[in-house]
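Derivation of every value follows stated rules applied to the coordinates shown; laboratory data play no part. What you see is a predicted model, and the numbers here were worked out from it, not measured in a lab. All Cβ positions, even for glycine, are placed from backbone atoms using ideal geometry, and neighbour counts span all protein chains on display.
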Amino acid sequence: MKVHAWIITMRLTLLAIAGAVGLYAGQWSSATQPQADETSDIDRWEELLHPVATATHPPLNEISGMIRSRTYPDVWWVHNDSGDKARLFAINAQGQPIMPAWRRDKFFTQQFEEGKEPWPGIEMLNSSNVDWEDIAIDDGRLYIADMGNNGNARRDLGFYVVNEPNPTAIDRGARPISFIPVAYPDQQATPPRDWRFDCEAVFVHEGRLYLLTKYRADRRWDKITYGTSLYRLDTTRTDEVNILTLVSSTDDLRIIPTAADLSPDGQRLAVLSYDGVWIFEAEDGSDDWLAGKSWRLKLPPHQLKQAEAICWDDATTLRIANEQRDIFTLDADLLQPVR
């Protein structure tokens, strides 16, 4: 979402003041029972949030989605926000783009080289980046969420499904195998009365796509507010609109979802918010992640900036990227509630 960082910071500050009674800033807390005696996480952020790289490649200028490959080692798939071409970039752990070796005669990926152009990434043929906000992976396929809906008025929302390319072998372009159009079951108008239908966080659980939405107040794109709804995609028709299933909603959690990913063992859902990270654990047999146990780790806004991408590197490590192209890792084993 293209919103200046100072707008977001100001908005969050006002929200924090308005809800100070329920918000334990800089502390781990249960979503329902905050703990007031915990150590401030902002005071020890150096122990938690580890800067690992800055993606300096010129075309990769506004990272909005990121997921780790399950097929190719040391590969993360990323994409830019709206306004960019329909394309993906494969990057390594240091944020450097990956391209076929035989393209080096024409393109560069790290430092500028005279007479060469920057590697343009892998074009998604017959596609359009209206507002790509997140990316998910499952069973060798990438799901690109063209679900950004700042004004809550889009009627062309959906997912591009792409067989995961080999980043060292593909020559410029890949064709999605399908586009899955979707709509919200509880949206009655475009735009609706309540602006709760912008999605920037998607993940896959047991073979199905799930979405977390972002709320706005007073029918204003720049007035972001806390709360989210969780939806599930049960059908994948390509010739008609698939109506999402509403799993649950909450106005109580102080969360603004900007990205999400499920841990490799399927037990923990990591959700990125503008001011930190949430971890959710669903109850056995349930897919209502919002109703299970949850904890929040407050992280410093001067470090996160406009963070809009998160994924699991492995069972214990989270990777976070912001639209300013900074990349961090976070040890998930440290993100436990005080018991």
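Between residue 170 and residue 61, the distance separating the two model label sites (each 7 Å from Cα on the Cα→Cβ line) works out to 2.2 nm. The amide H of residue 82, built 1.01 Å from its N in the peptide plane, has 132 as neighbours under 5 Å, considering only residues 5 or more places off or on other chains.
Computed FRET efficiency, Cβ-Cβ of residue 84 and residue 238, R0 22 Å: what is it to the nearest 0.05? The formula returns an efficiency of 0.35 here.
Taken one residue at a time, the phi angles of the stretch 50-67 give Karplus couplings (6.51, -1.76, 1.60, θ = phi - 60°) of 10, x, 10, 5, 10, 6, 9, 5, x, x, 8, 10, 6, 5, 10, x, 7, 8 Hz. Gly and Pro are set to x.
Amide H contacts of residue 141: 164, each under 5 Å away and 5 or more positions distant or on a separate chain (H built 1.01 Å from N in the peptide plane; Pro and chain starts excluded). In order along the stretch 214-227, the phi-based Karplus estimate (6.51 cos²θ - 1.76 cosθ + 1.60, θ = phi - 60°) of 3J(HN,Hα) comes to 10, 9, 10, 9, 6, 6, 10, 5, 9, 10, 6, 9, 6, x Hz; Gly and Pro are listed as x. In the frame of its principal axes, the stretch 268-339 has Cα extents of 38, 22, 20 Å, reported largest first. Other residues with beta-carbon under 10 Å from the beta-carbon of residue 247 carry, at +1 per Lys or Arg and -1 per Asp or Glu, a net charge of -1.
With contacts taken as Cα pairs under 8 Å at a separation of at least 6 residues, the stretch 285-324 carries a relative contact order of 31 percent.
Of 114, 206, the sequence from fewest to most neighbouring Cβ atoms within 10 angstrom is 114, 206.
By other beta-carbon atoms within 10 Å, ranking 229, 273, 248 with the fewest at the front produces 248, 229, 273. Exposure proxy shown here: for 288, 261, 84, the number of other Cβ atoms within 10 Å sets the order, fewest to most, as 288, 84, 261.
Basic side chains Lys and Arg get +1 at the Cβ, acidic Asp and Glu get -1 at the Cβ, and with that the dipole of the stretch 208-313 about its Cα centre reaches some 520 debye. Take the alpha carbon gyration tensor of the stretch 186-276, find the square roots of its eigenvalues, order them as a ≥ b ≥ c, and report rounded if a/c is under 1.5; if not, report prolate when a/b exceeds b/c, else oblate. The shape class here is oblate.
What is the stretch 56-107 by shape, rounded, prolate or oblate, if you read a ≥ b ≥ c off the alpha carbon gyration tensor as root eigenvalues and call it rounded for a/c under 1.5, prolate for a/b larger than b/c, and oblate otherwise? Don't jump to the answer; show the numbers that get you there.
Working: a/c = 1.84, a/b = 1.10, b/c = 1.66.
Oblate, since a/c reaches 1.5 and b/c is not below a/b.
Please state the Cα pair-distance histogram of the stretch 5-334 with 10 angstrom bins from zero: what percent is in each bin? Bin by bin from 0 Å, the calculated values are 6, 27, 36, 23, 7, 1, 0.
What is the stretch 78-150 by shape, rounded, prolate or oblate, if you read a ≥ b ≥ c off the alpha carbon gyration tensor as root eigenvalues and call it rounded for a/c under 1.5, prolate for a/b larger than b/c, and oblate otherwise? Don't skip to the answer; put the middle values down first.
Details: a/c = 2.22, a/b = 1.74, b/c = 1.28.
Judged from the Cα gyration tensor, the stretch 78-150 comes out prolate (a/c at least 1.5, a/b above b/c).
Under 12 Å of direct C-alpha separation, and excluding same-chain neighbours fewer than eight residues apart, residue 106 reaches these aspartates and glutamates: 114, 117. The length gained on full extension between residue 267 and residue 128, counted as 0.36 nm times the residue separation minus their Cα-Cα distance, comes to 46.7 nm.
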